[in-house]
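Worksheet for the structure shown next.
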Amino acid sequence: MYGLLGFILFSIISFIGFYWLQNLSPKLPKYGLLPNFRLTERSGKEITLDNFRNKVWVADFIFTSCAGICPTMTMTMKELSLNIDTSKVRLVSFSVDPETDNIEELTKYAEAFEAPKNQWLFLTGQKLKMYSLIKNGFNMPVSEGSLSQEEPIVHSSKFVLIDKRFYIRGYYDSEDISEMNRLVKDIEKLTKSRY
């Protein structure tokens, strides 16, 4: 009798403690709400913000002819895909050189990194719309005319975390291991969250 009562009491206290600890973890800030967009995926399919409804996703900004940071960013995204539940999270790479990065180029690039088609999207579109989305939606820098031949387009190497309701919840330096570990933890928080 006392054993059963003790077990029930222990279970209740454990549940309350777990719930209390979950609420102690700091909430992720909201950096802004993404505007809708209409872009083309490497498959040729049209993608809008609605395709990500109720999904947590991570975005980065690359271009296929980049000889600088882009291949490293893409490898980091690939490693990230191995550390998260990709059935609940989408990875999205936006081209900062959409005039060059047509669906054929994006497909070759994605296949070179063995990017799974359904979980990792590669998007391109009209340059003005893409740059506006990156600058005004994601609040990230992008411009042509860099001083480096390896990086003729200036863009950020940060990953962006977006929640199920299209709010930006974090920016993470893709070159910093501790930042990538923090990203994995923040992804877990958001996938467990109702929103």
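Quick look at the numbers
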{"quantity": "Candidate set: segment 120-133, residues that are in contact (Cβ under 8 Å) with a residue 40 or more places away in the chain, out of contact with any Phe, Trp or Tyr (no Cβ under 6 Å at 6 or more places or on another chain) and not in a loop (DSSP other than H, G, I, E, B); chosen: the one farthest from residue 192 (Cα to Cα)", "calculated": "129"}
{"quantity": "Extreme residue, modelled with the lowest pLDDT, among residues of segment 162-195 that are surrounded by fewer than 17 Cβ atoms within 10 Å (Cβ to Cβ) and part of a loop (DSSP other than H, G, I, E, B)", "calculated": "195"}
{"quantity": "Residue within segment 112-119 that is outside any helix (DSSP H, G or I), free of Cβ contacts under 8 Å to residues at least 24 places away in the same chain and farther than 19 Å from residue 47 by Cβ present", "calculated": "no"}
{"quantity": "Unique residue being closer than 24 Å to residue 102 by Cβ and among the β-branched types (Val, Ile, Thr) when the list is 153, 162, 168", "calculated": "153"}
{"quantity": "Strands (runs of 3 or more DSSP E) fully within segment 1-107 counting 3 or more residues that are of a type in the set (A, V, I, L, M) and modelled with pLDDT of 95 or more", "calculated": "56-62, 89-95"}
{"quantity": "Among (1) more than 14 Å from the chain's Cα centre (by Cα); (2) farther than 18 Å from residue 51 by Cβ; (3) at pLDDT 95 or above - the single one residue 159 does not satisfy", "calculated": "(1)"}
{"quantity": "Criterion (in contact with a strand residue (DSSP E or B) (Cβ under 7 Å, 6 or more places away or on another chain) and more than 23 Å from residue 165 (Cα to Cα)) met by exactly one of 102, 139", "calculated": "102"}
{"quantity": "Criterion violated by residue 185 - all others in (1) free of Cβ contacts under 8 Å to residues at least 24 places away in the same chain; (2) over 26 Å from residue 40 (Cβ atoms); (3) touching a strand residue (DSSP E or B) at 6+ places or on another chain (Cβ under 8 Å) satisfied", "calculated": "(3)"}
{"quantity": "The one condition in (1) without any contact (Cβ under 8 Å) to a residue 12 or more places away in the chain; (2) among the acidic types (Asp, Glu); (3) within 26 Å of residue 35 (Cβ to Cβ) that residue 104 fails to fulfil", "calculated": "(3)"}
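The values are calculated or read from the model by the stated rules, or taken from the named source; none is laboratory data. Since the model is a prediction, treat every value here as computed from it, not as a measurement. Cβ coordinates were reconstructed from backbone atoms using ideal geometry, including for glycine residues, and neighbour counts include every protein chain displayed.
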